[in-house]
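Step one of this worksheet: look at the structure below.
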Amino acid sequence: MSSTLVVEQDWRALGACSKTDPDLWFAVGAMEHKQAKRICRECPVQSQCLAYAMDAPVDHGIWGGLTERERRRFRRQAGAKDWRALLQAN
Ligand code: SF4
């Protein structure tokens, strides 16, 4: 693994989810989504996490406080534009 990749992904160790059951972020129920999103809102690396999931893109689970469905919707709405501007407008 290159040192650049290690530095780029260091934020994961700081995520609030690193101290809890990771299954919560991949559950399908609305209650679990709500609980995971509540934790994401307080997470110190939420923006890095969301940027990673949007740019990768990651198709499964809640990342940066958004479900895969919400991330897909933003990607679709953004089209060729930068999704970051669209998120800030919402
Ligand atoms: S934003 Fe949510 S999914 Fe991302 S690192 Fe933080 S707690 Fe984990």
*Just add up the charged neighbours of LEU24: K/R +1, D/E -1, any other residue whose Cβ is under 11 Å from the Cβ of LEU24.*
0
*Would you list the membrane-span-like helices of the chain, meaning whole DSSP H runs whose alpha-carbon atoms span at least 30 Å along their axis and whose mean Kyte-Doolittle value is at least -0.5?*
none
_Kirkwood Rh and Cα Rg combined as Rg over Rh, evaluated for the range 3-89_ = 0.97
_Expected 222 nm ellipticity per residue - DSSP helices of 4 or more, -39500 (n - 2.57), all of the chain, to 500_ = -15000 deg cm²/dmol
*What is the local net charge at CYS40, summed over the other residues whose Cβ is closer than 12 Å to its Cβ (Lys, Arg +1; Asp, Glu -1)?*
+2
*the chain: GluC sites (Glu not before Pro) in DSSP loop, at most 14 other beta carbons within 10 Å*: GLU42
*Listed peptides 77-89, 51-63 by packing density, highest first (mean Cβ within 10 Å)*: 51-63, 77-89
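Every read-out reported here was derived from the displayed coordinates using simple, explicitly stated rules and does not represent laboratory data. From a predicted model like this one, the values you see are computed outputs, not experimental measurements. FYI the Cβ positions are ideal-geometry reconstructions off the backbone, even for glycines, and counts take in every protein chain you see.
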